[in-house]
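The values are calculated or read from the model by the stated rules, or taken from the named source; none is laboratory data. The structure presented is a predicted model; accordingly, all values stated were derived computationally and were not measured. Don't worry about glycine lacking a Cβ; one is built from the backbone with ideal geometry, like all the others, and counts go over all protein chains shown. Just the protein is used for accessible areas: all its heavy atoms, side chains included, with ligands, DNA and RNA removed. Shrake-Rupley method; radii C 1.70, N 1.55, O 1.52, S 1.80 Å.
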Amino acid sequence: MVQETPLTGDEFLPHLGNPKLEDRVGMRVAGQVLRASLRPGKYAEFIQFDTIRKTKTWWNNAYNAGEEYNADAIFARDERKVVPTTSPTLGEWFTRFMRGLKLRVGEIKKQNNPFTSEIVLALDKVCEEAWDGAEDQGERADIEDLMAYVLMEFLGDLRGEEVPLLSLKGILEFWNETTAAKQPHIMLTLHGKFKGETGLRWHCIPLPLNTKSKLPVGKWVSRCLTRRVHLGGRTTGWFFANEDGTRRKMKYYNALLQEHLPEVQHRFPDAIGAKTELEEFSLWRSGRSGAHSAATNNKVPLEVTEAVGRWRKRERAKGAVPNLPMRQVYLRMKLATPTLLAFASDF
């Protein structure tokens, strides 16, 4: 029955405020997020939202590692889990706060300039001259590694952080067979965790030795192997490794790239224009972006691009079968190699 007299005040409205002095929605974390948002940025006056939100992430991880962690029940299905939590940063209020903050501050996205075959060939000429004139073997080794890194990333459609996952033992195991094949190629054997996948996997990715623009991948990778195997006596471990055997990170080679790009821009203005900002080239995504552009221009079939770039669905996977040894992954990939080599052959 509808009451004729309208309800007012405490009769209708929920009680606002809380008599207890406590933070139930994550106000203190929100304050710290706002403070973090005032830090100076690289491309703008302040840092971007993707950096700001890391404050929420690390605080939530600390919360779940502390005494408030609730591990009474876990609802699991396959690899996806739904876990009950009392963390305020995962509540409705804080979620709305983060969404409002993103809409308020906006985002400035800076994409890496893509590599092209012309840029890679110009870099090859500059690095070849630097390699010939180097008196220090350490400098020569760095130049060899840089060019191998650039060519692998560009021809293999790899993300910058994936190239250091290359196994030295793997590339040596298949070297003679693949370089003497009807379609000569190098088989990259990568081992690690890749974006969009779970667990450690082997990936075998073929790189053509003969490309339309004659990209010298064979020359630089052979020099790297000579230095590692014949001069250094090393046949196992990571291909790109520090002196102590640990995997060398992308940023080391990115710094080397920035050292040589000014010379490329000065001597080969047709490859890199005079007004192009060199900082926008990076091993992070320039190679992969350039590979996509080249494949599109060369009308490479979409299914080939998806297979090489690992954009495919699990049931269509080639070279990314979970929990298989490297040799079995290679044998599966071998059947698809002629098709996959078509991706970069016209680069």
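For the reader, a short list of remarks on this structure follows.
- Length gained on full extension, Ala180 to His230, computed as 0.36 nm times the residue gap minus the Cα-Cα distance: 15.9 nm.
- According to the Kirkwood relation over distinct C-alpha pairs, the hydrodynamic radius of the range 94-242 is 17.4 Å.
- As a fraction of the 1.4 Å probe accessible area of the range 77-183, surface on carbon and sulfur atoms comes out at 48 percent.
- For the range 161-308, the number of Lys pairs with C-alpha atoms closer than 24 Å, counting only pairs eight or more positions apart or on separate chains, is 18.
- With R₀ set to 56 Å, the beta-carbon distance separating Gln32 from Glu128 gives a calculated FRET efficiency near 0.65.
- Extending 7 Å from Cα along the Cβ direction at Glu263 and again at Thr246 yields two label points whose distance is 3.0 nm.
- Per-residue SASA remark: Thr86, around 80 Å² accessible (1.4 Å probe; ligands, DNA and RNA not included).
- Scalar couplings 3J(HN,Hα) for the range 98-109, obtained by applying the Karplus form with A = 6.51, B = -1.76, C = 1.60 to θ = phi - 60°, are 5, 5, x, 5, 4, 5, 6, 7, x, 9, 10, 9 Hz; x denotes Gly and Pro.
- Amide H contacts of Ala241 (H built 1.01 Å from N, under 5 Å, at least 5 apart or other chain): Arg248
- Whole-number accessible area per residue in Å² for the range 88-144, which is evaluated in the context of all protein chains at 1.4 Å: 60
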